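The values are calculated or read from the model by the stated rules, or taken from the named source; none is laboratory data. Keep in mind it's a predicted model, so treat the numbers as computed, not measured. When we count neighbours, we look across all protein chains shown, and the Cβ atoms used for this are built from the backbone with ideal geometry, even at glycine. Quick note on the areas: whole protein, heavy atoms, side chains included, nothing else; ligands and nucleic acids left out. Shrake-Rupley method; radii C 1.70, N 1.55, O 1.52, S 1.80 Å.
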Amino acid sequence: MTEVSLRSLQKFYGKTAALKAISLDVNHGEFVSLLGPSGCGKSTTLKCIAGFEDITDGRICFDNKDISRKLPEDRDIGMVFQSYALFPHMTVTQNLAFGLEMRHVPKAEIAQRVARAMEMVQLTPYADRYPKKLSGGQQQRVALARALVIEPAILLLDEPLANLDAKLRDEMRGFIRDLQKRVGITTIYVTHDQNEAMTMSDRVVVMFDGEIAQAATPEDVYNRPASERVARFVGNANILDLPIARTDAQGTTVTLPGGATLQITRPAPSGQSRLRVMARPEQITLTSADLGQLPGRIEKRYFSGGHVEYSVATDCGPLFVTGPTTQHFAEGDSVGLCFDPARLWPLPDAESAQ
Amino acid sequence: MRIATPLLALFRTLVYVFLLAPIVVVVLASLNAGNFLTFPPQGLSLRWFWTFLNNDIFLNAIAYSATLAACATAVSLVLGTMASLYFTRHAGKHAEAVRIAVLLPLILPEILTAIALLFFFYEIGVGTEHKIALFTGHVLMTLPFIFLNVNTSLQGRDDSIELAARTLGASRYTAFRRVTLPLIAPGLSTGAVFAFIISFDTFGISFILKGTGSAPLPIQLFDYLRFNFTPEAAAVSTVSILMTLVLVVAADLLFGRRD
C-alpha cells in the first residue's frame, strides 16, 4: 500500500492555469474521489499523477519518494480509462498478460496471476474472447483486472462508469468499491457524478477552477460543505439568507420571514447581520399550513418512486423539499415548512468561500 | 430510389464495361499474331510475349520500376506513418495545414510537382543525377496514399490505448510496436499496395526527372511506342497488369478485412 501526496502541484497550459498549486494527501489504502464539473482540473490532476502530463511546478510523491519526473511506465500505477482502452487485437487473456510481460514475469507465473485476476472479476469463461465481443460491463471488468493484475502501487480510475447504462453503473459501483477494499489498494477516482463520489469514496475532493474547494468525508461534504458552491454542486441545496437575531454562547439565532426563529448551534462568522444557511431537501419537513415555521405553497410535485419531490414557493424564495410517499400534498396546497436547527449548516460568507 | 432495377443493372454493366474495356483490348492486342498493334487481333499467338521475355530493355525496365516502387513505398511507409501520427495526435490547430501539405502532390497536377522538383534539384546543384530527384518524386507521389490509409486506421482509435500500455510498463517504443502498429497494419498494407502501384505506373514524374541511363517501365514503353508499333508493347502492358493484379489479390488475401 502506498501513500500519494501532491505538494503544491501546478499545471499551466501556456498561460492558462489548469491546476493552481493543489496539495492533497491520500492515505494507505484510501479511496479518494476527485469530484467537480468539467474543466475543474480533476482529470488534469489524474494525468499528472499518471505521468501523461508534465507538471509545471510542485511535486508528486508516492510514499515520500518524488516521482514527478518519472515516465508513466516507471511509476507503477494501474489505470482504468473512461473508454476502457482495451487492446482490441488481443484476447482478454492477452490483455491481462500484457503488463506482466512488460515486467518480465516468468510465463508460468503470468498464467497463474492472469487466471486469478480473471476469477476476481468473474471473467474466466471469456478468457479467449476479443474485447469487442464483450458487453460494456465485461469490458469494464477486463480493464479493472488488467490494471490490478500487475499489483500496482496505486490505482487510478478516470470516469470508468461514464459509458455504462444506469443499472450497470450502480452494479459496477459496488463491484469496484468491494474490489478496492478487498485488494486494499490506494485509489484515486475521477468523476463528475456526485452520487458515485459519495457512495464509493472514503474521502471526496471537490474541485473548482483548478483548486480544491473541499476535501472531506462524503458526510462532511454533503452536510457541512465548505462553501455555497460545494453545497450546490453536491446534491440539491436550499440556501436561505436570514437575518441574525442574536449571537451568544449557545450559537446563533436567525429569524425566518413570518417571525419564527431558529437557533443554530454554531457561531456565525463575526461582524455580520445576516447568515446564509443551507438546508438539504430531506432536512425540511412539510406539515399543514398552521403548524410550520415558514409558510409556503406547493408549486410543483414530482413523484420519483421512493419519495416525492416538491418545489415550494416561500418568502425565502423557492425551496426544494423531499417528502415521504405516505404524505400527500397537491400542487397549489398551502403548507408549513419545518426545519431541524441541528441540521442546518451555516455557510461561510462569500469572501471566505473563495 | 425510383430507378427501375433493370435500368440500374444496365447502368452498372456500362460502368464496368467502360472501366474494363481498355484492359481487355490491351490484353487481346498482346495475343496478336500479326506484326502491328491492331484490334481486333489478327490471329492468336503468344509470340510477342516471347519477344518481350527476350528483350532485356523491357525486363530491365520492369526490374527497375519494381525496385523503385519498392524503395519509394518503404520510405513512404515510414514517413507517411510518422506524418499520420503527428497529424492525428499532435498537430492540433495546424492539422489542416499538415494534411494539405502531405496531400499536395495528389491534389496538384503531377506535372507541376515534377517541374517544381526539377527546378529545385537543379537549383541545389544535384540535377537529375544519381536518381535522387526521381526517387524523391516517387516518394512524394506515394506518400499521400500511406498517409490517408494510416489516418483511416488511426481515426476513431482511442488515444488512451497507447497510454494504457504505458501505464502497464511499456516504453513509448514498445507501446507503439505492440499496440499501435498492429492496429494500423491494415492501413499500412492497403497504403503500401496503393503506393507501389502508383509508383509503378506514374509517368509524368518519371518522364521529367528520370535523367540519363535506365528508365522506369512507363517511360521505356513510351520511348518504344514512338518508333515501333508492335504488339510487344501490349504484351508488356499485360504483364504489368497481371503483376498489379497479383499484388492486389495477394494483399487482400493476406491483410484483407476478415471481420
**Fill in**
A careful count of residues in the stretch B:196-221 that are farther than 26 Å from B:A250 by Cβ, among the small types (G, A, S) and open to solvent by less than 40 Å² (accessible area, probe 1.4 Å) gives 3
**Request:** Filter the stretch B:25-57 down to residues that are surrounded by fewer than 12 Cβ atoms within 10 Å (Cβ to Cβ) and either of a type in the set (D, E) or over 21 Å from B:Y224 (Cα atoms) (or both), then give me how many there are.
**Result:** 4
**Message:** Kindly evaluate A:R116 against the criterion of being under 24 Å from the mean Cα position of the chain (by Cα) and more than 14 Å from chain B (Cβ to nearest Cβ).
**Reply:** no
**Message:** Looking only at helices (runs of 4 or more DSSP H) that lie completely in the stretch B:163-242, which have at least 1 residues being touching a residue at least 12 places away in the same chain (Cβ under 8 Å), touching an Asp or Glu at 6+ places or on another chain (Cβ under 8 Å) and away from chain A (no Cβ under 14 Å)?
**Reply:** B:204-209, B:217-227
**Fill in**
Residues in the stretch A:82-122 that are in contact (Cβ under 8 Å) with a residue 12 or more places away in the chain, open to solvent by 10 Å² or more (accessible area, probe 1.4 Å), closer than 16 Å to A:P152 by Cβ and part of a loop (DSSP other than H, G, I, E, B) total 1
**Message:** Just to check your reading of the model, which residue among B:Y86, B:Y16 is in contact with a helix residue (DSSP H, G or I) (Cβ under 8 Å, 6 or more places away or on another chain) and open to solvent by 80 Å² or more (accessible area, probe 1.4 Å)?
**Reply:** B:Y86
**Asked** Regarding A:I67, is this residue crowded, with 18+ Cβ neighbours inside 10 Å, over 29 Å from A:K132 (Cβ atoms) and more than 10 Å from every other protein chain (Cβ to nearest Cβ)?
**Response** yes
**Conditions (1) open to solvent by 20 Å² or more (accessible area, probe 1.4 Å); (2) assigned to a strand (DSSP E or B); number of the one not met by A:I22** = (1)
**Complete:** Residue hits (the stretch A:56-81; in a strand (DSSP E or B) and touching a residue at least 60 places away in the same chain (Cβ under 8 Å)) are A:F62, A:I77, A:G78, A:M79, A:V80
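Yes/no per residue for (1) farther than 30 Å from A:C40 by Cβ; (2) touching a residue at least 12 places away in the same chain (Cβ under 8 Å); (3) more than 18 Å from the chain's Cα centre (by Cα):
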{"residue": "A:K133", "(1), (2), (3)": "yes, no, yes"}
{"residue": "A:R141", "(1), (2), (3)": "no, yes, yes"}
{"residue": "A:R146", "(1), (2), (3)": "no, yes, yes"}
{"residue": "A:I150", "(1), (2), (3)": "no, yes, yes"}
{"residue": "A:Q180", "(1), (2), (3)": "no, yes, no"}
**Request:** Mind listing just one residue for me: the one in the stretch A:125-163 that is of a type in the set (D, E) and more than 11 Å from chain B (Cβ to nearest Cβ) and, of those, farthest from A:R75 (Cα to Cα)?
**Result:** A:D128
**Asked** Given (1) within 14 Å of chain A (Cβ to nearest Cβ); (2) out of contact with any His (no Cβ under 9 Å at 6 or more places or on another chain), where does B:T142 come up short, assuming only one miss?
**Response** (1)
**Request:** Might you check whether a residue that is farther than 20 Å from A:T255 by Cα and among the acidic types (D, E) occurs anywhere in the stretch A:296-303?
**Result:** yes
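Per-residue answers, yes or no, for (1) surrounded by 17 or more Cβ atoms within 10 Å (Cβ to Cβ); (2) within 21 Å of A:L24 (Cβ to Cβ); (3) outside the structural domain of A:R141 (by the TED database); (4) of a type outside the set (S, T, Y):
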{"residue": "A:D158", "(1), (2), (3), (4)": "yes, yes, no, yes"}
{"residue": "A:G174", "(1), (2), (3), (4)": "no, no, no, yes"}
{"residue": "A:T187", "(1), (2), (3), (4)": "yes, yes, no, no"}
{"residue": "A:R224", "(1), (2), (3), (4)": "yes, yes, no, yes"}
